[in-house]
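Below is one structure, written out as structure tokens; the observations come after it.
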Amino acid sequence: MQSDTIISARGLSKIYLVADTPVPALVDVDLDVKRGEFCCIVGTSGSGKSTLLYMLAGIETPTRGSITILGKRTDRMSEGQLVKFRRDNVGFVFQAFNLMPAMTAQQNVALPLSLKGVDRFERNLRAKRMLKAVGLEKHIRHRPMQMSGGQQQRVSIARALVTSPDIIFADEPTGNLDSHTGEEIIRLLSDEVRRHGKTLVMVTHDIEKAKYADQIVHIRDGRMIKIENNRQEEANKHENPGD
């Protein structure tokens, strides 16, 4: 594995049993994601893109293949080891936000810091700073039901970033939002990750949302059919504007 590669998957497959019949959800996927890269996995519903994301994040277990993240074989880890690994290295942005309804925005963002043992003053300070960074300084004391969908997703992004994880996984982060708000969220997520040199792996069914990515991975029927190096294409455009 190259030194600048933070995620490496080899021969990754997932097979589910449905009424004793094997149903492949993902078949022999090889993927490398570099440190500081925005990788977007695109495909239609049922293509296997979310299965791939959840296996990379250590939430789903592969049937076959290997996953190496930060130099460690996560596919060989126990559940307890995976929980600790995710807590220390990974942030996750969910489509459905997954915020605690009884908690304020600040309390929701501070929750991962609490799980890491950060003292109350420090975690509240860091949560407040993170909410300000995503444009929600006026909503710190608001609960999820007092905020719009776009605002709730911003809280979710702040929560994913507050522990300064090396890797952010995002599962259809704009799926429950209108197109304008969704565009804002993708820009925000991309800008925040690039500003802090983090690695982002995002799943979407909307190819338009992938335009901010450095690497675009196309999945169809559980198989990787194409990888686009978007960063290189953009660089070529600037080098050869007349082409």
With a 10 Å radius around each residue's Cβ, average the other Cβ atoms per peptide and rank 190-198, 103-111, 11-19, 52-60, highest first. 103-111, 52-60, 190-198, 11-19
How much net charge surrounds GLY11 when only other residues with a Cβ under 12 Å from its Cβ are counted (Lys, Arg +1; Asp, Glu -1)? 0
Taking the alpha-carbon centre of each part, the distance from segment 51-82 to segment 173-211 in Å is 24 Å
Report, in degrees rounded to the nearest 10, the 0 to 90 angle that the Cα long axis of helix 120-133 makes with the longest principal axis of the chain. 70 degrees
Quick one: helix 79-89 against the long Cα principal axis of the chain, what's the angle to the nearest 10°, folded into 0 to 90? 70 degrees
Can you tally the lysine pairs in segment 5-239 where the Cα-Cα distance is under 14 Å and the two residues are eight or more apart, or on different chains? 6
For segment 105-151, run through the trypsin sites (Lys or Arg not before Pro) and keep only the ones in DSSP coil with at most 13 other Cβ atoms within 10 Å of their Cβ. LYS116, ARG141
What is the gain in length, in nm to one decimal, between THR21 and ARG187 on full extension, counting 0.36 nm per residue of separation less the C-alpha to C-alpha distance? 55.6 nm
Estimated FRET transfer efficiency (ARG231, ASP28; beta-carbon r; R0 25 Å; 0.05): 0.45
Answer with one residue from GLN151, VAL33, THR204: the one whose Cα lies farthest towards the positive end of the charge dipole of segment 5-239, charges on Cβ with Lys, Arg +1 and Asp, Glu -1. GLN151
Roughly how many debye, to the nearest 20, is the charge dipole of the chain about its Cα centre, given +1 on each Lys and Arg Cβ, -1 on each Asp and Glu Cβ, and no other charges? 1100 debye
Counting pairs of alpha carbon atoms under 8 Å apart in space and at least six apart in sequence, what relative contact order in percent does the chain give? 27 percent
Expressed in nanometres to one decimal, the distance between label points 7 Å along Cα→Cβ at GLU137 and ALA96 is 3.4 nm
In deg cm²/dmol, rounded to 500, what helix-only [θ] at 222 nm does the chain give when every DSSP H run of at least 4 residues adds -39500 (n - 2.57) and the total is split over its residues? -10500 deg cm²/dmol
Between the helical axis of 105-115 and the dominant principal axis of the chain, each derived from Cα atoms, what acute angle in degrees is found, rounded to the nearest 10? 70 degrees
Net charge of neighbours whose Cβ lies under 15 Å from the Cβ of THR61, counting Lys and Arg as +1 and Asp and Glu as -1: +2
Summed side-chain charge close to VAL27 - residues other than VAL27 whose Cβ falls under 14 Å, Lys, Arg +1, Asp, Glu -1: +3
For GLU122 and LYS211 in one chain, what is 0.36 nm times their gap in residues minus the Cα-Cα distance, to one decimal in nm? 28.4 nm
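Each reported figure results from applying straightforward, stated rules to the coordinates on display, with no laboratory input. On a predicted model such as this, the values are computed, not experimentally measured, just so you know. Virtual Cβ from ideal backbone geometry, glycine too; neighbours counted across all protein chains shown.
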